1. Once every Cα of the range 433-508 carries one equal point scatterer and solvent is ignored, give the base-10 log of I(q)/I(0) from the Debye formula at q = 0.11, 0.21 Å⁻¹, two decimals.
2. Putting +1 on Lys and Arg Cβ atoms and -1 on Asp and Glu Cβ atoms, find which of Val22, Val93, Val155 reaches farthest to the positive end of the dipole of the range 16-173.
3. Under unit Cβ charges (Lys, Arg +1; Asp, Glu -1), what dipole magnitude, rounded to 20 debye, does the chain have relative to its Cα centre?
4. According to the Kirkwood expression over distinct Cα-Cα pairs, how big is the hydrodynamic radius of the chain, in Å?
5. Viscosity 0.890 mPa s, temperature 25 °C: Stokes-Einstein D of the range 351-513 from its Kirkwood Cα radius, in µm² per second?
6. May I ask for the distance between the Cα centers of the range 87-129 and the range 383-450, given as a whole number of Å?
7. With a Förster radius of 51 Å, plug the Cβ-Cβ distance of Glu28 and Asp310 into 1/(1 + (r/R0)^6) and report the FRET value to the nearest 0.05.
8. Students often forget the sequence filter, so: which aspartates and glutamates lie under 14 Å Cα-Cα from Lys523 once same-chain residues fewer than 8 apart are removed?
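No value in this document is a laboratory result; all are computed from the given coordinates. Quick caveat, the model's predicted, so the values are computed rather than measured. Positions of Cβ are backbone-derived with ideal geometry, glycine not excepted, and every protein chain shown enters the neighbour counts.
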Amino acid sequence: MRVELPPEPACFVDRYEERDRVLRAVDEWTERSGPSGTSSRPLMVTLSGPQGMGKTELARLLARVLRDRFADGVRSVDLDDFRLGGGLDPGDVLAQLLESLGVEPSFVAASFKARCTQYWSKTADARFVLILDNARYASEIVPLLPASGASLVIVTSHSPLRDLEDGTALGMALPPLEEWAATELLELVVRDARLAADPESVRALVRLCEGLPAALHVAGGWVRARRLRPLSRLIPQLREEWEEKGVAGVERFWDTVYDGLSGTASRLYRLLAHHPGTAFTQESATALLGLGPEPCEDALEELDRAGLLDLSELLAEGGGGDDGRLRLPGPLRAHALRRSRRDAPQGEAEEGLGRLLGWLVRQFQRADRFAAGTRLIVADEHPALPLAPDAPLADPGATADPATKAERSDRASAWLYEERHVLLASVRLAHERGMDAEVVALSEPVWTYALDHPHQAGVVGALRLAVASAVRHGARPDWLVRTRCQLARQLWEAGAVDEAERELDAATAVLPLLADGEERDRKLAASVVEFRGMLAGVRGEWMRAATEFDRSRQMHRAIPNPYGAMLQSYRLGEARAHLGELDAAHDILTQAHDEAVALHRERMARRTGFALAGVLHRLGRTSEARALYERSLDAARRRGSGFDRARVHDALAELAQTEGHGAEAAEHRTAADAIRRLNGLGGQ
């Protein structure tokens, strides 16, 4: 059972009425729907109220109480993590939900409509609790509802979602805590004998907090940090400070706590408001602060003690342990930004972002190199940043052990995926600041991320910015060629074939500006020809594609670039196969496969072997094809790639059918269908 919940909070009080109402609603819904969940829609519970009312903690508490009644566990999504400029991309949310339900990223459908269908298929028989945090409109919720009526959806929002369908949602607006509950919460937070000794001051503090749980937590931490002062003197000081600032609600508590921070902690708090993406790591915070690891550790711990940061987020129940990521919740991030605008010395944010973007470029370049290996890039490698440690990624090239090498490469790929939001946000941020070299450098890891996870939101936009930065810089024709080729592939994969061709035409027009004698520039020229061949293949123009691939191969041989020549042989062989020239395709793909093996390019050895097996099958040489397919299947199993396993099972099913082995063919089809059903594709 997968349970996406953080550790239970140490201090939580009351909300008994709300708990009982939800439990009764679940019981009644189950009775109406039956044990199999025959209702056409899941039960929805909506919790609304202003920031600091404890909506998220109540949603998580309800999920903990009910999770044993839902066999498929608990999933949780903070919708604010998917907002760009205030808008929400529901397709991006669906992609995360599908992956949390066991769908491999490579199986996630490309279009929003297809993702909806895939999500409905995957959740048709599911029984799980889904928490949708920080919703703003009912229209955001509807596409994310599971198809199973046996599931429960808990939604939190600042205001009631009144336009949800009647009868499908239990809506509750959370009121402030009553005085007795607020007092109990304060006592749990502070745990100090001064409270029992001075009940009048306690009542004054409780009233000052206005029944907001977040305010009680922050104020309790403020009191706890001043253990030598009697409450009779402390509370008036706190009230006077709040009244003097004139900020209503929770803001005044945050202001007071912020003003009590050390200089280093307040500086880090202000800078974190500018961090790209919604999450940060201890290493990226260190780069942003610019003072070294130990001062940053102290500052993070101080922010945690002050209630402005929750370090317990590092240990999420059911989430696989410490992933090294933290986040400032939206309201606190906004508060930090206001304090930055009000208090920061001139240039503080710009200097911090400059450091951070340089550090991020280096980390994404490292992850790209570790994941994809040495390849053609046009950006210079960024140096290490003083006083800022690198992200904890190990170089696969530093070990001779194949298993360790593969493990390190896989970890770099996973890190690149986990940091995708920061990566894409960094491209935008660097472009806005005129940091063209950094934008172009970041486009390379965006390219690798997109190849591993096609059809992801934001990739085309990021590569458009890379082209714009290359154009704005104007002095690097190699940047123009590379970025336009990268964008072209993403465009044609998104269906914008004509626009992709225009990008390749623009890249071709720049080729005369490249230095003929430079090896990298000659590789770029050959790459443009390859991309033209790939685009011709997308259009079904395989004769033209074959001509372009052959021309690119000759260019790589002249450099010489053995890897590039091998890659073009592979593409040429596939083009000949599409043209029905099977003998020629066999000879070319055999050559490409042998060269890939000799060059120790395992990924290309797998690709060329699979393509060669397909040609051998069509030539009637089924025993040779079977051997290559089985090697491909073993490799897919070792890598844990369900996408490749399904594809090879399909090929083996066709092969077995050709040989008259109907039972074996059925077994392979069943195996492929099971993998697709597991990924919500309905056995297609």
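1. -0.24, -0.86
2. Val22
3. Using Cβ point charges on Lys, Arg, Asp and Glu, the chain gives about 620 debye.
4. 28.3 Å
5. My calculation gives 151 µm²/s for D.
6. So the separation of the two Cα centres works out to 26 Å.
7. FRET efficiency, Glu28 to Asp310: 0.90.
8. Leaving aside aspartates and glutamates fewer than 8 places away in the same chain, those within reach of Lys523 are Asp478.
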